[in-house]
Amino acid sequence: MTETPQQDEMRRGPLAALRSSPVWHGLLLGGFALVTALILSLTDDATRGPIAERASEDLLASLAQVIPDDLHDNDLTADMRTVADGAEGDVPVYVATEDGQVSGVAFVLTGYGYSGAISVLIGIAPDGSLLGVRVLSHTETPGLGDKIEIAKDDWVEDFTGRSLSDPGPEGWKVQKDGGIFDQFSGATITPRAVVGTVHRGLGLFDRHRATLLAAPAKTESD
């Protein structure tokens with residue numbers, strides 16, 4: 001005599017019946033998702049500290065290239081001000097001091113090249129001249145646009161010592177556009193973006209010079 005589905009299910013027991021139901025598969029999927037989420041959470045907690053520490057080390061190394069250590073006696077990452085600018089928005093500024101007086105500032109602005117965003121770190125002296133410029137990140141074409149990296153070419157060194165008046169408004173362009181800065185063969189858009197971004201940085205400093213050069217407020221522990 002052939003068993004009906006209901007009789008077969010009763011004979012195999014409730015657990016077997018549960019395993020053959022859609023509810024069981026849903027529970028398995030939910031359990032798998034829960035375990036995966038737990039593993040990802042634990043991994044994130046374990047790696048968050050080292051990643052933050054590495055990011056801090058990279059930032060310090062980059063800042064040291066645009067504001068040399070011999071120009072300040074403070075921790076640049078600890079002394080930071082935020083400038084609210086009409087054109088650039090809220091810009092975090094790292095302030096270098098020596099004997100309580102501002103000896104330089106550094107901040108990051110973003111320009112847009114051929115392949116996307118270019119993050120540029122700009123260091124400026126109190127007199128408005130550039131202490132140094134470094135490209136922190138970009139997605140420009142290897143072998144062409146990546147010459148904006150100091151590791152690939154010394155092109156960015158030409159900014160050091162420049163200011164809003166050196167070379168003047170018309171000079172702050174690549175040579176193809178009538179300015180003084182070299183462009184790369186086959187990659188004019190990339191250096192044009194960096195030149196424009198550095199020029200914007202000098203303008204930002206000039207607009208907020210008084211605020212940025214004001215001596216830091218003393219704390220009770222000073």
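Taken together, the values in this text are just the output of simple stated rules run on the coordinates, not laboratory data. Source: prediction; values computed, not measured. With ideal geometry, Cβ positions are generated from the backbone for all residues, glycine too; neighbour counts draw on all protein chains shown.
Brief remarks on what is shown
- Approximating the spin labels as points 7 Å out from Cα along Cα→Cβ, the Glu98-to-Ala210 distance works out to 2.6 nm.
- Residues in the stretch 109-127 that a label on Ile150 would reach, taking backbone N under 11 Å of a point 7 Å out along Cα→Cβ: 121-123
- Stokes-Einstein translational diffusion, the stretch 128-217 - Kirkwood Rh over all Cα pairs, 1.002 mPa s, 20 °C, in µm²/s: 154 µm²/s
- When the convex hull of its Cα atoms is projected in every direction, mean area for the stretch 87-186 (nm²): 7.4 nm²
- Set of the stretch 140-162 residues, backbone N closer than 18 Å to the point 7 Å along the Cα-Cβ line of Ala87: 162
- Volume per residue that the Cα convex hull of the stretch 70-122 spans, once the total is divided by residue count, Å³: 92 Å³
- Farthest toward the positive end of the dipole of the stretch 121-197, out of Leu121, Thr141, Ser163, is the Cα of Thr141, where the dipole comes from beta carbon charges about the Cα centre.
- Sequentially through the stretch 86-95, phi angles give Karplus couplings (6.51, -1.76, 1.60; θ = phi - 60°) of x, 8, 9, x, 7, 10, x, 10, 8, 10 Hz, Gly and Pro residues having no value and appearing as x.
- Distance between the pseudo-spin-label points of Thr141 and Thr36 (7 Å out from Cα toward the beta carbon): 3.9 nm.
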